[in-house]
Amino acid sequence: MVNWVEAQKPILHWLVRGAGLRQQTIEIEPGTVISMWVPKEKVMANKKKATNKEVVPDLSSDGSRDEEEDKRKKKKKQRGKEKEKPAVVLVHGFAAEGIVTWQFQFGVLVNQYEVYIPDLFFFGESTTAAADRSPAFQAECLAAALDKLSVRRCTAVGFSYGGMVAFKMAELRPDLVRSLVVSGSVFAMTDSISRATLDQLGFASSSELLMPESIKGLKALLSVSMHKKLWFPDFLYKDYLEVMFSNRKERAELLEGLVISNKDAKVPSLDQRILLLWGENDNIFNLELAKDMKEQLGEKAIVQSIKKAGHLLHVERPCAYNRHLKKFLALVKDEGTEE
């Protein structure tokens, strides 16, 4: 029998490839690989770099020839800078891999930005033999993958679990992350936030909420994640469960590694420009939480909200979400041009 969710993947991949992205597997260390959709130019550049032979300089050339060569190289470098697009890294949440999460965003960004869509560990084809399951480890490895792709500066866009990874990457690598857009997330999942959220939503554990095993459980997750209640036939819920909730043991470990003690929690010291983009009706991490984070982060952070949108605001209200995102990215881009 056809799994309709699985059957849509080739179509989505075709659309992504048509937008100029290619799937790349980056080895961080033996046993640890990250799968990521990257601009096709990056794939071609890496292949060219690997096949290039060493060029031995002609020492017999005179000074004037060397001077002309230096001028030519400088002009070429300047042209490259002018054509270089700012990098945007889209970091997914816990319910789906990267390209499924951001299927309504990549198309509006690729013309003006270098778009990178990674799969975090145990999503898609990303995996690790390491025992560490913390957001910090995800952030360190994602940053290492971007380094290997020669990404020097980027805006990290994180949703839910991906927002925690993005916050951590910005904290660990301020040289890499120049700005942040975070939706439906927190700095870190503390004991108190976890317990309060689960009690409010009526779930016994994070696994019960985020890794449903039944159609009823998946319906409950979508119900609390969206402002507008949508109806789908049960066979689509069943197909989604089969496709999107693999690696259950490892993902349960990710949830365990997510929660930290209240005494270990701290506000990250961030100097980046930050947009906290929220659904007004987010039932998982409400808008008041975003406003509290803005106060803790200071004047570099701003809060913007989208009406009639819940936790999955980028899916429920993609046009509104994209407008806010593009406006912020344009602001960051203009500031970078002035530097």
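The values are calculated or read from the model by the stated rules, or taken from the named source; none is laboratory data. Fair warning: this is a prediction, and the values are worked out from it, not measured in the lab. Because the Cβ atoms are built from the backbone with ideal geometry, glycine has one as well, and the counts that use them run over all protein chains shown. To get the accessible areas, we keep the full protein, side chains included, count just its heavy atoms, and leave off ligands, DNA and RNA. Shrake-Rupley method; radii C 1.70, N 1.55, O 1.52, S 1.80 Å.
Sort largest first and round to whole Å: the equivalent ellipsoid semi-axes of the stretch 275-339, each the square root of five times a Cα gyration tensor eigenvalue.
Values: eigenvalues 102, 56, 7 Å².
One finds semi-axes of 23, 17, 6 Å for the stretch 275-339.
Read phi for every residue in the stretch 193-199 and hand back ³J(HN,Hα) as whole Hz from Karplus 6.51 cos²θ - 1.76 cosθ + 1.60, θ = phi - 60°, with x for Gly and Pro.
Calculated HN-Hα couplings, in order: 5, 4, 5, 5, 5, 5, 4 Hz.
Apply the Karplus curve 6.51 cos²θ - 1.76 cosθ + 1.60, θ = phi - 60°, to the phi angles in the stretch 141-147 and return the couplings in whole Hz, x for Gly and Pro.
6, 5, 4, 5, 5, 5, 4
What does the convex hull of the Cα atoms come to per residue for the chain, in Å³?
Looking at the chain, the number lands at 159 Å³ per residue.
List the residues, sorted by chain then number, that are 5 or more residues from Phe122 or on another chain and whose placed amide H is less than 5 Å from its amide H.
Amide H neighbours of Phe122, under 5 Å, 5+ apart: Thr127, Thr128.
In a GNM of the chain with a 10 Å cut-off on Cα contacts, which of Lys168, Lys229, Lys308 has the highest mean-square fluctuation?
Among Lys168, Lys229, Lys308, the largest GNM mean-square fluctuation belongs to Lys229.
Using just the helices of the chain, give the 222 nm mean residue ellipticity in deg cm²/dmol: DSSP H runs with n ≥ 4 each add -39,500 (n - 2.57), and the total is spread over all residues, rounded to 500.
Helices in the chain give a 222 nm mean residue ellipticity of -15000 deg cm²/dmol.
Any idea of the accessible area per residue across the chain, 1.4 Å probe, to the nearest Å²?
Solvent-accessible surface per residue comes out at 53 Å².
R0 = 45 Å: FRET efficiency of Asp175 with Ser207, Cβ-based, nearest 0.05?
Efficiency for this residue pair is about 0.80.
Name the residue, out of Gly184, Gly310, Gly20, whose mean-square fluctuation peaks in a Gaussian network model built on the chain with Cα pairs under 10 Å.
The residue with the greatest mean-square fluctuation here is Gly20.
How large is the Kirkwood hydrodynamic radius of the stretch 195-339, in angstrom, based on all distinct alpha carbon pairs? All intermediate terms of the calculation are to be shown ahead of the outcome.
Numbers: mean 1/r = 0.0568 Å⁻¹.
This gives a value of 17.6 Å.
How much length would be gained if the chain were fully extended between Cys319 and Trp4, taking 0.36 nm per residue of separation minus their Cα-Cα distance, in nm to one decimal?
That works out to 110.9 nm of additional length.
Using +1 at the Cβ of each Lys and Arg and -1 at the Cβ of each Asp and Glu in the chain, identify which of Gly257, Gly31, Ala156 lies farthest towards the dipole's positive end.
Among Gly257, Gly31, Ala156, the one farthest towards the positive end of the dipole of the chain is Ala156.
Considering the chain as a Gaussian network with a 10 Å cut-off on Cα pairs, which listed residue, Glu316, Glu97, Glu288, attains the greatest mean-square fluctuation?
Glu288
With 30 Å as the limit, write out which pairs from Lys85/Lys168; Lys168/Lys249; Lys9/Lys326; Lys238/Lys308; Lys249/Lys294; Lys9/Lys216 have Cα-Cα distances beyond it, or answer none. Intermediate results must be reported in sequence, preceding the final value.
Numbers: Lys85/Lys168 24 Å; Lys168/Lys249 24 Å; Lys9/Lys326 26 Å; Lys238/Lys308 27 Å; Lys249/Lys294 35 Å; Lys9/Lys216 24 Å.
Where the Cα-Cα span goes over 30 Å, the pairs concerned are Lys249/Lys294.
Using a 1.4 Å probe over the heavy atoms of the protein chains, calculate the carbon and sulfur portion of the accessible area of the chain as a whole percent. Could you put the intermediate results ahead of the total?
Working: 9470 of 17990 Å².
Of all accessible area on the chain, carbon and sulfur atoms account for 53 percent.
Could you work out the relative contact order of the stretch 241-339? I mean the mean sequence separation of Cα pairs under 8 Å and 6+ apart, divided by the number of residues, in percent.
Worked out over the stretch 241-339, it gives 24 percent.
Can you tell me the FRET efficiency between Ile302 and Trp14 if r is taken as the Cβ-Cβ distance and R0 is 41 Å, rounded to the nearest 0.05? Don't jump to the answer; show the numbers that get you there.
Details: r = 37 Å, r/R0 = 0.89.
Calculated transfer efficiency: 0.65.
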